[in-house]
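Engineer: Here it is: the structure, laid out below.
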Amino acid sequence: MLISKRARQFICQARFLFLSCGALLLCHLFSGCIRPEPPADITIINNIEPESLDPAIIVAQADMRVVEGLFDGLTRLDPKDASAIPGLAERWDISSDGTIYTFHLRTNLMWSTGEPLTSADVVYSWIRALDPKTAARYAGQLYYLKNAEEFNTGKITNAALVGVSAPDPFTVRAELKSPTAFFLDLCAFATLAVVPRQTIEKYGDHWLSARPLPVSGAYELAAWRLNDKVRLKKNPYYWDATNTQSEIIDLLPVSSPNTALNLYERGEADIVWDKELIPSELVDVLLQRPDFHSFTYLGTYFFRFNVTRKPFDDPRVRKALAMAVDKQRIVKKITRAGETTTTHLVPGGTQNYTSPEGVGYDPETARKLLAEAGYPDGKGFPRFEYLFNAASGGGKIHENIAIELQQMWRDELGITMVVRQVETQVFWGMQSRLDYSLSKSSWIGDYNDANTFLGMFVTGEGNNETGWGKPEYDSLIRAANVETDLKRREKLFQQAETILVHDEVPIVPLYFYVGINYFDTNRISGIWANLLDHHPLRSIKKTKVTP
Amino acid sequence: MYFIRRILFAIPLLFAISLLAFVLMHLAPGSPFDSERKPASPEIERNLKAKYHYDEPVWKQYMRYLNDLAHGDFGVSLKYRNHTVTDIIAQGLPVSMTLGGLAFCFAMVFGLPAGFLTAARRGGWEDYAGSLLTLLTVCIPSFVIAPALVLIFAIKCHLLPVALWNSPWSMILPTVALGLYFAGKISRLMREGMLGAMQSEFITAARSKGLAENSLLLKHAVRIAILPVVTFSGPMMADLLTGSFIVENIFQIPGIGVFFVNSMSNRDHTMTMGLALLYAILVIGLNLLVDFAYTMLDPRVKYE
């Protein structure tokens, strides 16, 4: 039988096509896709892909955990208790009124490229974070400096007026608006980290792709591939390089709890350090194991009322809803990682502070209050929405809590709440526009001080987002923040928090977060539980090679 | 001539797609600049918007986008602000294409013979077993298949890696997880195509001439039977090459698939636009390729 000419041609072409497809695939396999690299000393699963590694830009905790290794501040945090200890500055003097800090830099400071690092670099970095053109979300961390807010908001344009200067190459002088008890902690915060001026001015927004990238921290950026890994390599020029424990550290951006657990169990990762990276169905079982560590830290889960909406403008209504919530049910049934319930906002353990009690579980009084407000047995109470977003990693925590609250309010007060889930980006927008009635909320402390929580609810503050404001509260917070006597300062904060969680209740705290990380303590050392969930990369090391 | 016309027509089509994508994106609620941590002052947010020209009217933003596009610039990702869209695609696309290409081969290698066999043995036990199997692979979604594969081959048997993309071994499970559905689909299409072809007149004629059944099926029926598969393989290829959100997420593969979903939920407008255009170009290009393959496979098809 004859195969037609056309068919022969086709077969020929098909063969060619097949072969070229195969060749193309092989090329892919051996070119860019799989890079043979030396293995890392430590592999850490760090949750989501960093949005950025620019200290002035980042806001997420996962990003900060990487940046902490790359860029140092005047102070840094102790790996054990996360208190501020000397960093680029070896010592400092504080004026008697607490407003002028004189930092003395170490004399052996160098960028990872071998060039000297001086006080001018510190001044540049702080001014850059405040520069309106940088558009740093966290610029507020520098507002404690004189004229910083004015410069950041464009009221003044002369950067020289901002309260930071370099009288000589080894001295940084910071002039504060008023005494700030936690200023040394702030100096260790990413926004205030020291970044390389020349590289930034040369490469603009893409400066992190510059090679070599001058860094001021314990690690250099060896590779950064999106959704693949960040690889850090020990910086030999770091002033404290002798105490950097590991040569190469890989940070993997895994955000699926199941994948994280699988990688850990198979030994592909040494450390998993994010409370969201533990499969929620297994949390109580896994926490029984010796390599799963839970610890308290400065994070509170709560919900907000929009007090500009009826009937939530009435404190009695807000209190009634708060009192009808059995928080034990939430931590026992839903979160299950050993969280403690709370009636106040500031977590226990916060430095120099003990919170007053807020309103607790008391359904009897709750019904009475609701009746007083004009809704006996919930009659006439309008249907209202509870707004939340999907938890990261596809978790259902927020949804489950919403449903639990819905049930409690229906059973105890006879009122109807509707759950409403929206996309995360939409959620943040709606919350800040006060386009909600009740909304899920949480806050992780930026530094170890009550102000990182209580400062939020000052009238008109960006993160207030309740529409609530009380001049009395504002002046208490203001007074606390200029008070140098720690006991008196605590008193002022306590009065303020009483207004917030006992008298007015624009927010209802539910529980304090439990931090979770997992690693085998027989093989990994240098990670300590602390209130800020802060674990500097420089002190982590493998103690035993895998058997 | 026909193909040149088709290529020229693709240009206004891409414009229309970009416009539609741009408008839809800006109509969707939520902005790329909303975040949990509110800036210390509204001024900062204004600065941020000004930096990315979000303070301009939407039509002007679109014009600016087209202008940049004409210069080959897809812009900076609004979520991953240190990376350009081109960067991200250049990093992720080769990985997704490798995985997609492997899954495509897998689907063809298993789907075509399965479809052929079930059709050739129609009514036999092979047909029933094969049909059941293909039906299962089409019905069970990859977010069930993938964890099941990981559980069996990686966690229980320790044969293959659980995730990551760092050795040829690590490619096997994602390829199967991604390719199974398509293998099933191709097998179904191939079976239908074969059954149709075997009933057509030219096969009856060939059979009456006394051609052996095997050569009849292999040489003549297959060429017609494969046409539905070819039609389907264009969009399938576009689907596979641009990655899969689920498979990439479960196996932690640094591909482009996760960005198709995440860029939208992050309201990363520039990224979404870049991906929409990339996908459109792939679909248009591969469909063109399919039509071209038609002219070679089916003597009845001719384009003027």
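Each value in this text was obtained by applying a stated rule to the coordinates, not by laboratory testing. Since the model is a prediction, treat every value here as computed from it, not as a measurement. All Cβ positions, glycine included, derive from the backbone under ideal geometry; neighbour counts span all protein chains shown.
Engineer: Specify the angular offset, from 0 to 90 degrees and rounded to the nearest 10, of the alpha carbon long axis of helix B:85-120 from the longest principal axis of the alpha carbons in chain B.
Structural biologist: 20
Engineer: To continue, here is another question. How long is the range A:152-261 along each principal axis, judged by its Cα atoms, biggest number first, in Å?
Structural biologist: Taking max minus min along each principal axis of the Cα atoms, the range A:152-261 gives 49, 34, 33 Å.
Engineer: Could I ask something else about it? 5 Å is the cut-off here: which amide hydrogens, built 1.01 Å from N in the peptide plane, fall below it relative to A:Leu105, excluding neighbours closer than 5 in sequence?
Structural biologist: Long-range HN contacts for A:Leu105: A:Glu90, A:Thr171, A:Val172.
Engineer: Calculate the tail of P(r) for the range A:345-394: the fraction of all Cα-Cα distances greater than 18 Å, expressed in %.
Structural biologist: That fraction is 64 percent.
Engineer: Note down the magnitude of the dipole of chain A about its Cα centre, charges +1 on Lys and Arg C-beta and -1 on Asp and Glu C-beta and zero elsewhere, to the nearest 20 debye.
Structural biologist: 1700
Engineer: Next up: At 7 Å along Cα-to-Cβ for each site, give me the label-to-label distance between B:Tyr294 and A:Ser525 in nm.
Structural biologist: 7.1
Engineer: Right, here's the next one. Mind telling me which of B:Ala120, B:Ala40, B:Ala107 comes out most flexible in a GNM of chain B, alpha-carbon contacts under 10 Å?
Structural biologist: Looking only at B:Ala120, B:Ala40, B:Ala107, the biggest GNM fluctuation is shown by B:Ala40.
Engineer: Further question on the same structure: Please work out whether the range B:30-99 counts as rounded, prolate or oblate from its C-alpha gyration tensor, where a ≥ b ≥ c are the square roots of the eigenvalues and a/c under 1.5 means rounded, while otherwise a/b larger than b/c means prolate and anything else oblate?
Structural biologist: Judged from the Cα gyration tensor, the range B:30-99 comes out oblate (a/c at least 1.5, b/c at or above a/b).
Engineer: If you don't mind, another one. Check the straight Cα-Cα distances from B:Lys49 and name the aspartates and glutamates below 12 Å, setting aside those fewer than 8 residues away within the same chain.
Structural biologist: Result set, ordered by chain and number: B:Asp34.
Engineer: Select from A:Met456, A:Ile401, A:Thr191 the residue farthest towards the positive end of the dipole of chain A; place +1 on Cβ of Lys and Arg, -1 on Cβ of Asp and Glu, and compute about the Cα centre.
Structural biologist: Checked the options; the winner is A:Ile401.
Engineer: With viscosity set to 1.002 mPa s and temperature to 20 °C, compute the Stokes-Einstein D of the protein assembly as shown, Rh being the Kirkwood radius across alpha carbon pairs; µm²/s, no decimals.
Structural biologist: The calculation lands on 71 µm²/s.
Engineer: Net charge around A:Thr259, counting only other residues with Cβ within less than 12 Å of its Cβ (Lys, Arg = +1; Asp, Glu = -1)?
Structural biologist: -2
Engineer: Can you check how the C-alpha radius of gyration of the range B:154-286 compares to 2.2 N^0.38 Å, as a plain ratio?
Structural biologist: Normalised Cα radius of gyration, the range B:154-286: 1.46.
Engineer: Here's something else I'd like to know. Efficiency by 1/(1 + (r/R0)^6): what FRET value for B:Arg5 and A:Asp411, r their Cβ-Cβ distance, R0 = 45 Å, to the nearest 0.05?
Structural biologist: Computed FRET efficiency for B:Arg5 and A:Asp411: 0.05.
Engineer: Multiply the residue separation of B:Glu213 and B:Ser200 by 0.36 nm, subtract the distance between their alpha-carbon atoms, and state the gained length in nm to one decimal.
Structural biologist: Taking B:Glu213 through B:Ser200 to full extension adds about 3.2 nm, to one decimal.
Engineer: At 4 °C and 1.567 mPa s, what whole-number value in µm²/s does Stokes-Einstein give for the translational diffusion of the range A:357-430, with Rh from the Kirkwood sum over Cα pairs?
Structural biologist: It diffuses with D of about 94 µm²/s by this estimate.
Engineer: Provide the convex hull volume over Cα atoms per residue for the range A:145-215, in Å³.
Structural biologist: Cα-based convex hull of the range A:145-215, divided per residue, equals 128 Å³.
Engineer: So how long is each side of the range A:395-533 along the principal axes, counting just the alpha-carbon atoms, biggest first, in Å?
Structural biologist: The Cα atoms of the range A:395-533 stretch 53, 47, 31 Å along the principal axes, largest first.
Engineer: Would you mind checking the pairs A:Lys155/B:Lys51; A:Lys133/A:Lys229; A:Lys80/A:Lys275; A:Lys146/A:Lys202; A:Lys80/A:Lys146; A:Lys310/A:Lys470 and listing those with alpha carbons more than 27 angstrom apart?
Structural biologist: Check vs 27 Å cut-off fails for A:Lys133/A:Lys229; A:Lys146/A:Lys202; A:Lys80/A:Lys146.
Engineer: Expressed as an acute angle from 0 to 90° and rounded to the nearest 10, what is the orientation of the C-alpha long axis of helix B:42-51 relative to the principal long axis of chain B?
Structural biologist: 60
Engineer: Quick one: in the range A:37-177, what % of C-alpha pairs are over 19 Å apart?
Structural biologist: 59
Engineer: Now, a different point. With N set to the residue count of the range A:216-357, report its C-alpha Rg divided by 2.2 N^0.38 Å to two decimal places.
Structural biologist: Output field value: 1.47.
Engineer: Same structure again: Between B:Asp68 and A:Asp240, with labels modelled 7 Å along Cα→Cβ, what's the label distance in nm to one decimal, could you check?
Structural biologist: 4.0
Engineer: Using the Cα centre of the protein assembly as shown as origin and beta-carbon charges of +1 (Lys, Arg) and -1 (Asp, Glu), tell me which of B:Met236, B:Trp165, A:Leu77 is placed farthest towards the positive end of the dipole.
Structural biologist: Working it through, the farthest residue towards the positive pole turns out to be B:Met236.
Engineer: Separate question: Tell me the angle of helix B:269-297 to the major Cα principal axis of chain B, expressed in degrees between 0 and 90 and rounded to the nearest ten.
Structural biologist: Result, in degrees: 20.
Engineer: Taking the simple approach of a point 7 Å from Cα along Cα-to-Cβ for both A:Lys133 and A:Gln198, what is their distance in nm?
Structural biologist: 2.0
Engineer: Quick one: which of B:73-84, A:305-316, B:182-193 comes out on top by average Cβ neighbours within 10 Å, and what's the full order, highest first?
Structural biologist: With the highest mean Cβ count within 10 Å placed first, the list reads B:182-193, B:73-84, A:305-316.
Engineer: A:Asp81 to A:Val285: FRET efficiency via 1/(1 + (r/R0)^6), r the Cβ-Cβ distance, R0 35 Å, to the nearest 0.05?
Structural biologist: 0.70
Engineer: I need the shape label for chain B. Rule: rounded when a/c is under 1.5, else prolate if a/b > b/c, else oblate, with a, b, c from the alpha carbon gyration tensor.
Structural biologist: Here chain B falls in the oblate category.
Engineer: Ok, one more. Helix-only mean residue ellipticity at 222 nm, the protein assembly as shown, DSSP H runs n ≥ 4 weighted -39,500 (n - 2.57), per residue, nearest 500. What is it?
Structural biologist: That comes out to -13500 deg cm²/dmol.
Engineer: While we're here: Could you tell me how far the Cα centroid of the range A:339-378 sits from the Cα centroid of the range B:261-304, in Å?
Structural biologist: Value for the Cα centre distance between the two parts: 58 Å.
Engineer: Computed FRET efficiency, Cβ-Cβ of A:Ala479 and A:Thr543, R0 60 Å: what is it to the nearest 0.05?
Structural biologist: About 0.75, to the nearest 0.05.
Engineer: Would you be so kind as to identify all helices of chain A, as entire DSSP H runs, whose Cα atoms reach 15 Å or more along the helix's own axis and whose mean Kyte-Doolittle hydropathy is at least 0.0?
Structural biologist: A:5-28, A:119-130
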